[in-house]
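Here is the structure we will look at, set down as structure tokens.
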Amino acid sequence: MKRLHSQMGNALFLILIAVALFAALSYAVTNSGRGGGGIDREQAALQASELEQNISQIRTAIQRLQLMNGCSNTDISLHYDSDENGSLDEYDAYYNLNSVGNTACYVFHPDGGGLTFPNIKFADGGIRFNGRNQIAGIGLDNGDADSSELVVFYQEIGLGVCEAINSKRDIPSPPPVSDRWTSPLFAGSYGSAYRIAGPSDEFSGKDVGCMNINGSNRYIVYASLIDR
């Protein structure tokens with residue numbers, strides 16, 4: 001009888017050990033998953049900060065060109081050696097006839113803003129500047145050509161980065177849908193403004209934000225560089 005009780009006690013002890021080990025394993029797996037999500041959020045926050053820093057650098061360079069070099073809104077040039085042949089000419093992107101030869105108004109030139117054209121590796125669709133978008137609540141806000149801003153778009157970014165950008169600006173999640181984001185490359189002129197606005201004007205007064213394109217899995221960050 002004593003042996004039977006001893007065997008039952010040992011079995012119960014082993015069962016308790018097994019239960020404890022299973023609980024510990026479950027806890028470890030659960031926290032591992034949470035840790036991965038935290039890493040993803042941290043990475044998205046870092047990438048969002050990189051975008052914001054780039055926006056700030058470009059804005060500062062433009063303001064300096066306007067204040068120090070007397071460059072007008074149409075003189076500002078984003079012309080750069082896009083074909084990487086070692087020279088700036090009419091075949092390169094953002095060729096601006098208003099400032100040809102006046103490199104003091106070039107954002108991406110040592111004589112001007114001193115910046116290099118942005119290389120944001122996680123913006124899979126590249127970067128685009130144009131002068132035919134108008135952000136609700138920014139500038140004149142009348143929808144005409146004289147109310148369009150100079151805007152930069154960071155195209156095809158991740159949802160996590162998009163939401164990190166918007167969360168700082170009280171723009172709701174999921175990112176509002178918009179189809180008003182594209183136009184010709186900026187070449188010194190502004191055109192009739194495509195209005196950047198969510199279904200309920202979620203982007204009104206927000207000079208930086210992230211939109212969902214046409215309800216797809218595509219996300220684009222916009223930022224106004226010159227408010228008009």
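The values are calculated or read from the model by the stated rules, or taken from the named source; none is laboratory data. Computed from a predicted structure; not experimentally measured. Positions of Cβ are generated from backbone atoms using ideal geometry, with glycine treated the same way; all protein chains shown enter the neighbour counts. Quick note on the areas: whole protein, heavy atoms, side chains included, nothing else; ligands and nucleic acids left out. Shrake-Rupley method; radii C 1.70, N 1.55, O 1.52, S 1.80 Å.
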In nm², the average projected area of the convex hull spanned by the Cα atoms of region 144-228 is 5.3 nm²
Candidate residues 227, 141: accessible-area rank, largest first, probe 1.4 Å: 227, 141
Plugging the Kirkwood radius over Cα pairs into Stokes-Einstein for region 76-228, at a temperature of 37 °C and a viscosity of 0.692 mPa s, what D comes out in µm²/s? 205 µm²/s
For residue 196, residues with placed amide H under 5 Å, excluding near neighbours: 134, 135, 136
Taking the Cα-to-Cβ direction at residue 85 and at residue 97 and moving 7 Å from each Cα, how far apart do the two end points lie in nm? 2.1 nm
Which of the peptides 80-91, 102-113 is most tightly packed, and how do the rest follow, going by the mean number of other Cβ atoms within 10 Å of each residue? 102-113, 80-91
Can you tell me the order of 124-137, 151-164 when each peptide is scored by its average per-residue count of other Cβ atoms within 10 angstrom, highest first? 151-164, 124-137
Sorted by mean Cβ packing within 10 Å, highest first, what order do the peptides 168-174, 218-224, 62-68 take? 218-224, 62-68, 168-174
Computed over region 42-109, Kirkwood Rh from alpha-carbon pairs, angstrom: 13.2 Å
Top to bottom by accessible area (1.4 Å), largest first, where do 186, 117 land? 117, 186
At R0 = 30 Å the Cβ-Cβ FRET efficiency linking residue 72 and residue 136, nearest 0.05, sits at 0.75
